[in-house]
Amino acid sequence: MENNAVLEMRGICKYFPGVRALENVDFTLREGEIHALMGENGAGKSTLIKVLTGVYSKDGGDIRLAGVPVHIRSPQDAQNMGISTVYQEITLCPNLTVAENMYIGRTKGPLTNWKKMNTDAAKLLDSLSIPAKATQQLGSCSIAVQQMVAIARAVDSDCKVLILDEPTSSLDEQEVKKLFSLMLSLKEKGVGIIFVTHFLEQVYEVCDRITVLRDGKLVGEYIIEDLPRVQLVSKMLGKEFDDMAEIKSEEDAAHIEYDGIPVYEAEKLTGTTGIAPFDFEIHKGEVNGFTGLLGSGRSECVRAIFGADRVAGGTVKVNGKKVKINKPLDAMKNGISYLPEDRKRDGIVGDLSVRDNIILALQVMKGFFRPFSRSQAEAFADEYIKLLSIKTASSDTPIKSLSGGNQQKVILARWLLANPVYLILDEPTRGIDIGTKVEIQKLVLKLAAEGKSVTFISSELDEMIRTCSRLVVMRDGKVVGELKGSDLNQNTIMATIAGGES
Amino acid sequence: MSVSENHFENLPKKSVSVIDTIKKIVQKQVFIPLAALLVLILFNLIADPSFFKISLDKSSSGDPVLSGYLITILDNASELAILAIGMTLVTSASGGQDISVGATVAIAGSVVLKVLCGSQSRPDQMQAPIIVAFLICLVVSMLFGAFNGMVVSFFKIQPMVATLILFTAGRSIAAWINNNELPVISDPKFGYYGNFIPGIPVPTPIFIAAICMIIIALVLKFTNLRLYSQAVGINPSSSRLNGINPQLVKFLTFVILGACVAVAGFIKVSRLSTINYSVVAKDIEMDVILAVALGGNQLSGGKFSMTSSILGAYVIQFLTTTLFKFKVSSSAIAAYKAVVVIVLVVLSAPIVREKMVQMKKKGTAAKVGKAKKEVA
């Protein structure tokens, strides 16, 4: 046992039907350190954290807090013992106010001093410079602010162990910086922080130590200086890492015929979600991207293309023919597929099986009165489970019991099965491990090589640069530039996003 | 399930299959109503085996009829089972329940009588063919269903609140259709549908219920109704992005329930050849919702099992008839029913069932030590 360990987990085991989620995992967190927990999707990071926070009961092993063996039965228990968590998905109540969310379940006695609660909340929000009012309804804040409120809630309770499960996946760079300075100041105070993230950069920026999991087993614990990036990646993947930068071949843009009729063409397209009318076209075999800061309107643009929100005006041509796209089904019938940004809210149908989730779009296109036979549906599901190597116990498993990355693959499978000519992927790689990210990027390029057109949106610029041959840059709901060829580099893109002459 | 097998790889083959089969059965949704039915059957078997006697008697007109408690149950549960079909779909797609079915059954019945009686209240002959009366009643009921559906799906009002309108007004509308008179049909032919067709010893409602079940089975098999309503009930937003129109699906389920109401109302008035607006199908909505809940379906919508709902309806009728048989006074029946229902619902709660599965496992697999731990 180490003297300064705040938390020790030894030999933790957790089983789900058909899956060994954790097997004999050790984890040690020392006082005043930021400890990264790394691993691919389904490696067991989230499960380990849920065991630690009492969401799941463990099937074996011991947990010690400051050397004392403890038994954590519920999240409330964990909180009382000083273990606070901010989960990957926001778990607050959108219909309550910010202050209520921060103090819910933590007031003593049946009475609440609303005034005090609101002033306390306001003070805390202020000290963390979170741009939200205490009395504002949480649902009216952006996802980033909601995430920060969740962190504020966790920080405010007297915590010894702070768990951040992918807190940065919906934050932009500025907000990440703010969060990091907050983490560092908490570290000074002796709080042990467990940091789960997929962003390697961020790990090397703030963390002291790394614990790597793979397939539910412990790979090892490393001091950050001893583990260069490439090695970390290869430890996570369990194989030598092939260079990501190589996935895009040099001359891949050559086969696109820019002179021909575009697969999809929009003129003065506008929706009701606050984007200015925009023109857009995409050619056969082209991969393009929409980029811009969070909230710049890039998602709204592609939603307008798909008819996901009400379309207010503009003309649309598919293969040179004028068509009307007012609702998703119109778009689907014209060969457009859309993988939405918010997987949990817009993508998965949680209680339905993986199979039903895969066939859903194609089934809807086929029609209400023409259901697929069971064997046909199973054949589709099995084909795509294999093709995208989706980790699931069976095609009958409800999709909600899959890990985030595998859920994403299922949604991807759904839209690939629909066999679109134009595929829109809005943040397909968010909250997904690096192995799957590369897989998805490779898949995008493969689809393009097969003659499909793809729009690819990502918050990570280098990912966009690697995959896209043309970038539409957005700022404040307007298209402010289009970059191609040699302009596709970090500096030019940044400059265009930031504004100035373009 | 091939999945659970690998946990037991070190067990002898036989015990694997036993544990697995038990687990499989207990985890099936249909297990709950089936178990409830078994308990009721066992109870009656012990208390009074004559409960299960079925005899072939002669009716007053000299035709052969089957009689016995089991026949009564099957007969009386027909309306409940038919309504449970529609309620299951409404529950699945809208995540709420229609509490107006009792009142709309009264409307449906009233429409049938109005068409058959014409302007008189006690005609010697029916003024229209029965099929016409039924079809008009079907259309009217589906329109009332459409009204409920519209309020729920297009105005986005919670189903229970939306259907409160017709729950309150329905029986008045039913009385108003017949100018508050109590029409009586004297033609015995009208009574065939709620009682017996001469020469056939099985009550007609049983056949009608069976036909409805066959229809819904076919509909579920040859359309995507199940996939659509489940998807809409679980995640309307993602359903929409997959090309489904969630409003339309919810609306449709209410219209289908309307059709079920028409059939149930038709049987109800045919049983008596008349109607009592304030009593007909009284509180049936609660029994129907109970049937859906008893079938292990989540009342908050999403996945459903039609078989379990229908079985649930028969369980409730079985219970009611059992209570009648033991001379529980009709005013006290509701209280007894409540006790039984609370027991059944608690037993069927996922949390309790999980515990039950675990306990069973501990019993059967005590010797397997380690493997047991893995599954738990």
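List the pairs whose first member sits in the stretch B:172-184 and is assigned by TED's automatic domain parsing to the domain that holds B:GLN125, whose second member is among the basic types (Lys, Arg), and whose Cβ atoms are under 7 Å apart, counting only residues at least 6 apart or on separate chains?
Within 7 Å, the pairs are B:ILE177/B:LYS114; B:ASN178/B:LYS114; B:PRO183/B:ARG122; B:VAL184/B:ARG122.
Hey, does the stretch B:232-252 have a residue that's more than 30 Å from A:LEU423 (Cβ to Cβ), among the basic types (Lys, Arg) and modelled with pLDDT under 95?
No, the stretch B:232-252 contains no residue that is more than 30 Å from A:LEU423 (Cβ to Cβ), among the basic types (Lys, Arg) and modelled with pLDDT under 95.
Just name the residue that is surrounded by the fewest Cβ atoms within 10 Å (Cβ to Cβ) out of those in the stretch B:52-73 that are charged (D, E, K, R) and assigned to a loop (DSSP other than H, G, I, E, B).
In this case the residue turns out to be B:LYS53.
What is the one condition in (1) surrounded by fewer than 20 Cβ atoms within 10 Å (Cβ to Cβ); (2) farther than 30 Å from A:LYS409 by Cα that A:ALA132 does not satisfy?
For A:ALA132, the exception is condition (1).
Quick one: which residue in A:VAL318, A:VAL354, A:VAL323 is within 23 Å of A:SER394 (Cα to Cα) and more than 10 Å from chain B (Cβ to nearest Cβ)?
Exactly one residue qualifies, and that residue is A:VAL354.
Among the residues in the stretch A:279-298, are any in a helix (DSSP H, G or I) and either in the same structural domain as A:ARG470 (by TED's automatic domain parsing) or aliphatic (A, V, I, L, M) (or both)?
Scanning the stretch A:279-298 turns up at least one residue that is in a helix (DSSP H, G or I) and either in the same structural domain as A:ARG470 (by TED's automatic domain parsing) or aliphatic (A, V, I, L, M) (or both).
Restrict the check to the stretch A:96-106 and report whether at least one residue is in the same structural domain as A:LEU184 (by TED's automatic domain parsing) and in a strand (DSSP E or B).
yes
Select from the stretch A:24-60 the residues that are more than 26 Å from the chain's Cα centre (by Cα) and part of a strand (DSSP E or B) and list them in ascending order.
Result: A:ASN24, A:ASP26, A:THR28, A:ARG30, A:GLY60.
Would the stretch A:421-430 turn up any residue that is part of a helix (DSSP H, G or I), more than 14 Å from chain B (Cβ to nearest Cβ) and within 30 Å of A:LYS284 (Cβ to Cβ)?
no
What's the number of the only condition in (1) more than 14 Å from chain B (Cβ to nearest Cβ); (2) touching a residue at least 24 places away in the same chain (Cβ under 8 Å); (3) over 25 Å from A:LEU179 (Cα atoms) that A:VAL19 fails to meet?
Failing condition for A:VAL19: (1).
Given (1) within 14 Å of chain B (Cβ to nearest Cβ); (2) among the basic types (Lys, Arg); (3) not in a loop (DSSP other than H, G, I, E, B), where does A:LYS391 come up short, assuming only one miss?
Exception for A:LYS391: condition (3).
One residue is enough: does the stretch B:235-254 have a residue meeting the conditions farther than 24 Å from B:VAL139 by Cα, in a helix (DSSP H, G or I) and touching a Gly at 6+ places or on another chain (Cβ under 6 Å)?
Within the stretch B:235-254 (the criterion being farther than 24 Å from B:VAL139 by Cα, in a helix (DSSP H, G or I) and touching a Gly at 6+ places or on another chain (Cβ under 6 Å)), the answer is yes, since at least one residue qualifies.
Just to be sure I understand, how many residues within the stretch A:170-208 are among the small types (Gly, Ala, Ser) and without any contact (Cβ under 8 Å) to a residue 60 or more places away in the chain?
So the answer is 2.
Which condition number does A:ALA276 fail, the rest of (1) part of a strand (DSSP E or B); (2) surrounded by fewer than 24 Cβ atoms within 10 Å (Cβ to Cβ) being met?
With respect to (1) part of a strand (DSSP E or B); (2) surrounded by fewer than 24 Cβ atoms within 10 Å (Cβ to Cβ), A:ALA276 is out only on (1).
Being buried (at least 24 other Cβ atoms within 10 Å of the Cβ) and modelled with pLDDT of 95 or more is the filter here, so list the residues in the stretch B:113-139 that pass it.
Within the stretch B:113-139, just B:CYS137 meets the criteria.
Might you let me know whether the stretch A:69-80 holds any residue that is assigned to a strand (DSSP E or B), more than 14 Å from every other protein chain (Cβ to nearest Cβ) and surrounded by 22 or more Cβ atoms within 10 Å (Cβ to Cβ)?
no
Which count do you get for residues in the stretch A:299-344 that are assigned to a strand (DSSP E or B) and farther than 23 Å from A:ASP259 by Cβ?
7
Restricting to the stretch A:287-315, and then to whatever is within 13 Å of chain B (Cβ to nearest Cβ) and surrounded by fewer than 18 Cβ atoms within 10 Å (Cβ to Cβ), can you tell me which residue is farthest from A:ALA144 (Cα to Cα)?
Among those residues, the one meeting the criterion is A:ARG310.
Listed here are the residues, each with its yes/no results for (1) outside any loop (DSSP other than H, G, I, E, B); (2) farther than 20 Å from B:THR253 by Cβ; (3) in the same structural domain as B:LEU89 (by TED's automatic domain parsing).
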position: B:SER121; (1), (2), (3): no, yes, yes
position: B:ALA128; (1), (2), (3): no, yes, yes
position: B:ILE131; (1), (2), (3): yes, yes, yes
position: B:PHE155; (1), (2), (3): no, no, yes
position: B:VAL161; (1), (2), (3): yes, no, yes
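Within the bounds of the stretch A:42-52, is there any residue that is in contact with a strand residue (DSSP E or B) (Cβ under 6 Å, 6 or more places away or on another chain), modelled with pLDDT of 85 or more, of a type in the set (Ser, Thr, Tyr) and more than 30 Å from B:GLN358 (Cα to Cα)?
no
Suppose we keep only residues that are surrounded by 24 or more Cβ atoms within 10 Å (Cβ to Cβ) and aromatic (Phe, Trp, Tyr) within the stretch B:220-257. Which one would you say is nearest to the other protein chains (Cβ to nearest Cβ)?
B:TYR228
Please list, ordered by residue number, the strands (runs of 3 or more DSSP E) wholly in the stretch A:181-233 having 1 or more residues that are of a type in the set (Gly, Ala, Ser) and in contact with a helix residue (DSSP H, G or I) (Cβ under 6 Å, 6 or more places away or on another chain).
Of the strands (runs of 3 or more DSSP E) lying wholly inside the stretch A:181-233, none has at least 1 residues that are of a type in the set (Gly, Ala, Ser) and in contact with a helix residue (DSSP H, G or I) (Cβ under 6 Å, 6 or more places away or on another chain).
Can you work out which of the residues in the stretch A:443-502 that are more than 23 Å from the chain's Cα centre (by Cα), charged (D, E, K, R) and part of a strand (DSSP E or B) is surrounded by the fewest Cβ atoms within 10 Å (Cβ to Cβ)?
Taking the candidates together, the pick is A:LYS484.
Looking at the stretch A:357-371, which of the residues that are surrounded by fewer than 24 Cβ atoms within 10 Å (Cβ to Cβ) and within 7 Å of chain B (Cβ to nearest Cβ) is nearest to A:GLY139 (Cα to Cα)?
A:VAL364
Within the stretch B:281-295, how many residues are part of a loop (DSSP other than H, G, I, E, B) and crowded, with 24+ Cβ neighbours inside 10 Å?
2
The values are calculated or read from the model by the stated rules, or taken from the named source; none is laboratory data. Keep in mind that this is a model prediction, so the values were computed, not measured. Every residue, glycine among them, receives a Cβ derived from its backbone with ideal geometry; neighbour counts consider all protein chains shown.
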